[in-house]
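The values are calculated or read from the model by the stated rules, or taken from the named source; none is laboratory data. Keep in mind it's a predicted model, so treat the numbers as computed, not measured. Here the Cβ is made from the backbone with ideal geometry for all residues, glycine too, and neighbour counts use every protein chain on show.
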Amino acid sequence: MGSGKGYLTFALYDYLANHLHLKPVITGIELRPALVEFCNKIAKQVGFEHLNFVAQDIAKYNGGLLDMLIALHACDTATDLALAVGIRQKARIIVVAPCCHKQIRREMQPQNEMKPLLKFGILLERQAEMLTDGIRALLLESEGYRTKVFEFVSTEHTAKNVMITATLERNKVNHRSAEALQQIADLKHGFGINQHWLEKLLAEK
């Protein structure tokens, strides 16, 4: 999702096909037609016959059941759009590296003991990042995913180094759903947040 010039997409296809000797079928979704045309041309030149790119809005993607959905540094609510697609299409594995946590930062009106600390801009920014990604992880749990949030690359390379991974637990009853939703409600109340964007998207499904 948001495949851009396709660096990650080509690398993943090469790894799955030529190193693991699998037969992957991968689609890169990118809004800009010029990049899609460029990437499809390269894929054809290098013989990646089951790799293709489509010029499409992430929000409008409906490609059926997915084995895996990946989004690397999809800006702000574009990460939520990708997560919502993965959940709707019942992707078995979801991997996202979010960035630019603007939506929650704009909404935050802290009502808890953190309020005195969050008058300092840098602390507000970091707290907004934690809240945004923490609520994303809890929403994934509420939808039946086993979720992890971790640092995947050193801060010397990029400050945008948090990754969220989620694995769908198809054959298990999700005992975490009600608990996760209550935790989300408590966090929203404490930090004066009206609605997380992913929460809004999931309510529309």
Can you name every residue in the stretch 109-158 that is loosely packed, with under 14 Cβ neighbours inside 10 Å, among the small types (Gly, Ala, Ser) and closer than 19 Å to LEU72 by Cβ? SER154
Please name all residue pairs, on different chains or six or more residues apart, with Cβ atoms under 7 Å, provided the first residue is in the stretch 54-72 and is within 21 Å of PRO98 (Cβ to Cβ) and the second residue is charged (D, E, K, R) and surrounded by fewer than 19 Cβ atoms within 10 Å (Cβ to Cβ). MET68/ARG92
For the stretch 46-55, check the following and say yes or no: at least one residue is at pLDDT below 95 and of a type in the set (A, V, I, L, M). no
Within the set of pairs 6+ apart or on separate chains, which have a first residue in the stretch 6-24 that is free of Cβ contacts under 8 Å to residues at least 40 places away in the same chain, a second that is of a type in the set (Gly, Ala, Ser), and C-beta atoms under 9 Å apart? TYR13/ALA43; LYS23/ALA17; PRO24/ALA17
